[in-house]
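Visitor: Have a look at this one before I ask anything.
The values are calculated or read from the model by the stated rules, or taken from the named source; none is laboratory data. Note that the structure is predicted; figures quoted are calculated from it, not measured. Glycine gets a Cβ as well: all are built from the backbone with ideal geometry, and neighbour counts include every protein chain shown. Side chains included, ligands, DNA and RNA excluded: accessible areas come from the protein's heavy atoms. Shrake-Rupley method; radii C 1.70, N 1.55, O 1.52, S 1.80 Å.
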Number of protein chains: 6
Amino acid sequence: MKVTVSRKAHFNAAHRLFNNKWSQKKNDIVFGKCNNPNFHGHNYELIVSVTGKINTDTGYVIDMILLKRIIKQEVEDKLDHKNLNLDVKEFESINPTAENICIFIYNKIKPKLDPNLDLEITLYETPRNFVKYSGS
Amino acid sequence: MKVTVSRKAHFNAAHRLFNNKWSQKKNDIVFGKCNNPNFHGHNYELIVSVTGKINTDTGYVIDMILLKRIIKQEVEDKLDHKNLNLDVKEFESINPTAENICIFIYNKIKPKLDPNLDLEITLYETPRNFVKYSGS
Amino acid sequence: MKVTVSRKAHFNAAHRLFNNKWSQKKNDIVFGKCNNPNFHGHNYELIVSVTGKINTDTGYVIDMILLKRIIKQEVEDKLDHKNLNLDVKEFESINPTAENICIFIYNKIKPKLDPNLDLEITLYETPRNFVKYSGS
Amino acid sequence: MKVTVSRKAHFNAAHRLFNNKWSQKKNDIVFGKCNNPNFHGHNYELIVSVTGKINTDTGYVIDMILLKRIIKQEVEDKLDHKNLNLDVKEFESINPTAENICIFIYNKIKPKLDPNLDLEITLYETPRNFVKYSGS
Amino acid sequence: MKVTVSRKAHFNAAHRLFNNKWSQKKNDIVFGKCNNPNFHGHNYELIVSVTGKINTDTGYVIDMILLKRIIKQEVEDKLDHKNLNLDVKEFESINPTAENICIFIYNKIKPKLDPNLDLEITLYETPRNFVKYSGS
Amino acid sequence: MKVTVSRKAHFNAAHRLFNNKWSQKKNDIVFGKCNNPNFHGHNYELIVSVTGKINTDTGYVIDMILLKRIIKQEVEDKLDHKNLNLDVKEFESINPTAENICIFIYNKIKPKLDPNLDLEITLYETPRNFVKYSGS
């Protein structure tokens with residue numbers, strides 16, 4: 001009998017989309033104004049969803065205080081008020097699209113959870129565009 | 001060919017989280033300010049999602065008026081403006097966490113639906129924390 | 001390793017719910033005020049969700065500009081500011097319930113996508129009622 | 001010492017924008033697709049805001065149950081699931097723009113309130129367009 | 001040249017509405033299920049709006065970090081996860097309606113601000129009901 | 001008899017807060033992580049509110065298509081997907097705080113409107129922080 005618990009968080013960051021193996025022209029065609037060399041930015045809204053059995057002593061799947069602390073250490077401290085391309089080493093070689101940021105966050109949080117818990121990450125890049133990843 | 005139809009509802013309630021087999025000290029450590037003996041409360045926002053085949057005569061999976069009535073009788077009448085610990089007998093022995101309230105709601109609504117329909121309950125305890133349960 | 005990307009869109013339309021094989025009386029009982037012969041209307045909010053592998057050159061599952069264009073051509077141009085019963089031939093014989101509009105949208109968008117991509121449509125008829133369809 | 005209390009409500013309706021003193025061509029230029037002769041529609045979201053002194057016995061500016069009843073009788077019963085052009089006599093000669101519907105609602109609710117209370121109406125025609133009117 | 005800056009915050013609390021000078025019967029008539037002697041509760045969403053001139057050195061009307069700290073000390077620490085009737089001395093003799101809580105918050109925050117700054121408090125008791133107070 | 005009509009819009013941008021007349025240390029104390037020299041960013045959500053008399057021929061205060069076009073030319077084309085500090089000349093010497101961006105937007109839109117219309121700009125820097133300016 002499994003329940004999914006979700007917690008919202010957020011961070012603000014600058015980024016730029018481009019592929020450094022491509023010409024400037026091809027980057028402009030593919031990424032358009034997302035390829036502004038001076039960067040643009042977003043308020044990223046995050047939903048971290050954890051699925052597992054309820055602990056019958058507490059009535060919790062996971063203590064929300066613990067989950068909040070993991071999100072702070074693994075996501076907010078690493079990404080909030082950062083330039084993703086310049087300040088986060090994982091995005092030196094990987095394009096910081098919403099898809100890739102979502103996988104980055106999944107990979108940071110998953111090892112911090114009890115292995116019996118499943119994880120899904122939902123990341124809003126804007127109120128109109130969002131992505132979801134659950135590890136496979 | 002199955003479609004999921006969802007309806008939002010809401011109720012307000014007071015509650016307190018604690019395990020009556022534990023010491024006051026242990027309860028404070030685990031539940032923190034959620035263990036205020038004078039209670040605190042929430043606006044619970046509820047999404048009831050029903051999955052099944054479309055009736056070709058009506059174009060409906062389920063008549064929303066019927067679903068609205070079931071939600072009123074099984075959830076709002078039982079939980080709205082209540083103290084979950086004191087006014088709802090199921091929570092005398094079960095901690096009224098979001099997880100357990102979500103299962104309570106599932107168990108109340110499921111028997112009222114056509115057995116061919118699947119049910120999922122999403123319950124927001126706050127705009128930032130929510131849980132989901134679909135019966136297994 | 002699959003990621004789901006979603007984009008929100010919207011359209012406004014008038015409609016009326018009824019079954020032309022039924023008597024006026026039966027239609028009134030089943031569809032109530034949704035059967036106003038002069039029509040009523042909604043702001044439909046749409047979420048188009050596409051699941052697939054990330055293209056390692058772009059970091060995209062699908063280019064959002066392309067998805068936006070498909071939504072414009074297949075949904076907004078066909079349904080926005082329309083009377084669904086009178087202006088859209090598919091709804092001459094099918095009741096324009098949220099369920100049926102959701103399937104209509106799925107069937108319009110799916111053939112425009114790479115066959116390796118999965119599609120899910122979420123359609124809000126009101127902020128309180130919504131439906132979801134993913135093709136089976 | 002005045003406080004403003006607000007309550008949200010909603011209704012769905014069909015409408016068409018046009019000026020019957022103008023040619024079809026001029027109507028098309030000015031109102032574009034809002035002039036579809038078969039109508040389109042909206043979910044109108046309404047905020048009714050009442051300003052006045054607090055009653056020291058109740059702690060209320062106005063009893064929300066009373067305000068809810070006034071909104072039901074004066075707005076929902078008159079406009080919900082209606083065709084504004086065909087079913088509401090006030091809009092036979094007045095174009096049912098958001099501005100004019102907002103004034104209509106103000107004029108219906110104001111006489112039902114204690115004359116010492118001020119009234120402001122906010123009407124969302126879509127989540128992106130809204131209007132406000134407070135009687136002068 | 002004045003600008004208004006606003007910050008959102010939130011707290012959860014239990015309360016009960018009643019007038020201790022009235023009979024049980026009159027309280028039931030006036031306050032209905034809000035008068036449950038076992039309490040009910042809400043997620044209160046708060047908007048604190050401060051109006052003043054922009055400091056030309058910083059470009060700020062007020063440092064948001066400072067405003068956030070004042071809200072934490074004066075509102076969240078005093079009201080979050082509390083029973084308003086039992087845990088907050090001001091509401092021993094005043095009914096904790098949204099109107100009165102809004103004035104309470106105004107009176108706590110105003111003295112902590114530079115006297116040249118104007119203050120307005122908006123308090124959502126539910127997503128559908130909210131109140132506003134600006135000191136006069 | 002005046003009505004206010006509002007339209008929402010949005011843009012994404014990178015920025016950095018600092019005062020170039022101050023030391024690095026003072027900038028860090030005052031602006032904290034908002035002073036990241038590599039920039040961070042936001043999804044700015046904008047509400048443009050125009051107040052005036054209703055044109056009795058159209059039922060409009062202002063044609064929303066016209067207002068949408070002004071917002072595109074004066075705000076989106078100038079600020080969307082830009083680095084405010086590097087790409088917008090007005091912010092070379094003025095700190096791009098939400099307050100100053102709000103005034104910038106007011107000053108761009110006001111001259112494009114009929115002088116009889118009043119203007120108010122609301123700018124959300126995050127879903128939790130927003131500012132408002134109406135010209136005085």
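Visitor: Can you report the principal axis dimensions of the stretch B:32-87 using only the alpha carbons, biggest first, rounded to whole angstrom?
Guide: Answer, in whole Å and largest first: 53, 21, 13 Å.
Visitor: Follow-up. Evaluate the relative contact order of chain C (contact order divided by residue number), counting alpha-carbon pairs under 8 angstrom at least 6 apart; express in whole percent.
Guide: Working: 217 pairs, mean separation 40.9, N = 136.
Rounded, it is 30 percent for chain C.
Visitor: Rank F:Tyr60, E:Tyr133 by accessible area, highest first, at a 1.4 Å probe radius? Mind showing how you got there, number by number?
Guide: On the way: F:Tyr60 35, E:Tyr133 10 Å².
The ordering from most to least exposed comes out as F:Tyr60, E:Tyr133.
Visitor: C plus D alone minus the pair: what accessible area, both sides summed, probe 1.4 Å, in Å² to 100?
Guide: Chain pair C/D: roughly 1900 Å² of buried accessible area.
Visitor: Can you run phi through the Karplus equation (6.51, -1.76, 1.60; θ = phi - 60°) for the stretch F:93-105 and list ³J(HN,Hα) in whole Hz, with x for Gly and Pro?
Guide: 10, 10, 5, x, 6, 4, 4, 6, 5, 5, 5, 3, 5
Visitor: At 1.4 Å probe size, what's the solvent-accessible area of D:Lys2? Round to the nearest 10 Å².
Guide: 80 Å²
Visitor: What is the set of long-range amide H partners of F:Asn83 at a cut-off below 5 Å, with H atoms built 1.01 Å from backbone N?
Guide: Distant-sequence amide H within range of F:Asn83: F:Ala14.
Visitor: So for the stretch E:72-136, Kirkwood radius off the Cα pairs, Stokes-Einstein at 4 °C and 1.567 mPa s: how many µm² s⁻¹?
Guide: 103 µm²/s
Visitor: Can you give the charge dipole size of the protein assembly as shown about its Cα centre, rounded to the nearest 20 debye, using +1 on the beta carbon of Lys and Arg and -1 on the beta carbon of Asp and Glu?
Guide: Values: 120 positive and 96 negative charges, 0 e Å.
Approximately 0 debye in magnitude.
Visitor: In square nanometres, what is the average projected area of the Cα convex hull of chain A?
Guide: Answer in nm², one decimal: 9.0.
Visitor: Please give the per residue accessible area of the stretch F:1-126, computed with a probe of 1.4 Å over protein heavy atoms only, in Å².
Guide: For the stretch F:1-126, the per-residue accessible area is 44 Å².
Visitor: Give the cross-link partners of A:Lys26 among the aspartates and glutamates, using a straight C-alpha distance below 15 Å as the criterion and excluding same-chain residues fewer than 8 apart.
Guide: C:Asp57, C:Asp63
Visitor: Modelling each spin label as a point 7 Å along the Cα-to-Cβ direction, I'd like the A:Lys8/E:Lys110 distance in nm, to one decimal.
Guide: In this crude label model, A:Lys8 to E:Lys110 measures out at 3.1 nm.
Visitor: For chain A, what is the mean residue ellipticity at 222 nm derived from helices alone (per DSSP H run of n ≥ 4: -39500 (n - 2.57); sum divided by total residues; nearest 500 deg cm²/dmol)?
Guide: -6500 deg cm²/dmol
Visitor: Grab the beta carbon distance between F:Asn55 and C:Glu76, set R0 = 25 Å, and tell me the FRET efficiency rounded to 0.05.
Guide: For F:Asn55 and C:Glu76, the calculated efficiency is 0.35.
Visitor: I'd like the distance separating the alpha-carbon centroids of the stretch F:29-50 and the stretch C:54-127, in whole Å.
Guide: Cα centroid of the stretch F:29-50 versus Cα centroid of the stretch C:54-127: 35 Å apart.
Visitor: Let me ask something else. If the limit is 29 Å between Cα atoms, which of B:Lys110/E:Lys78; A:Lys33/F:Lys8; A:Lys68/E:Lys53; A:Lys108/B:Lys82; D:Lys21/D:Lys89; D:Lys72/E:Lys89 go over it?
Guide: Beyond 29 Å: B:Lys110/E:Lys78; A:Lys68/E:Lys53; A:Lys108/B:Lys82; D:Lys72/E:Lys89.
Visitor: Turning to a different aspect of this structure: Antiparallel DSSP bridges in the protein assembly as shown: what percent, to the nearest 5?
Guide: Roughly 95 percent of the beta bridges in the protein assembly as shown run antiparallel, per DSSP.
Visitor: Over the heavy atoms of A:Arg128, what accessible area does a 1.4 Å probe trace out, to the nearest 10 Å²?
Guide: Only protein atoms counted, so the area is about 60 Å².
Visitor: Using only the alpha-carbon atoms, what does the protein assembly as shown span along each of its principal axes? Please give whole angstrom values in decreasing order.
Guide: 75, 73, 56
Visitor: D for the stretch E:1-67, whole µm²/s, Stokes-Einstein with Kirkwood Rh over alpha-carbon pairs at 37 °C and 0.692 mPa s: what number?
Guide: Answer, rounded: 214 µm²/s.
Visitor: Something else about it: Go through the stretch D:34-41 residue by residue and turn each phi into a ³J(HN,Hα) via Karplus (6.51, -1.76, 1.60, θ = phi - 60°); whole Hz please, and just put x for glycine and proline.
Guide: Rounded to whole hertz, the list is 5, 9, 4, x, 8, 6, 9, x.
Visitor: Collect residues whose amide H, placed 1.01 Å from N in the peptide plane, falls under 5 Å from the amide H of B:Tyr60; neighbours closer than 5 in sequence don't count.
Guide: Amide H neighbours of B:Tyr60, under 5 Å, 5+ apart: B:Asn55.
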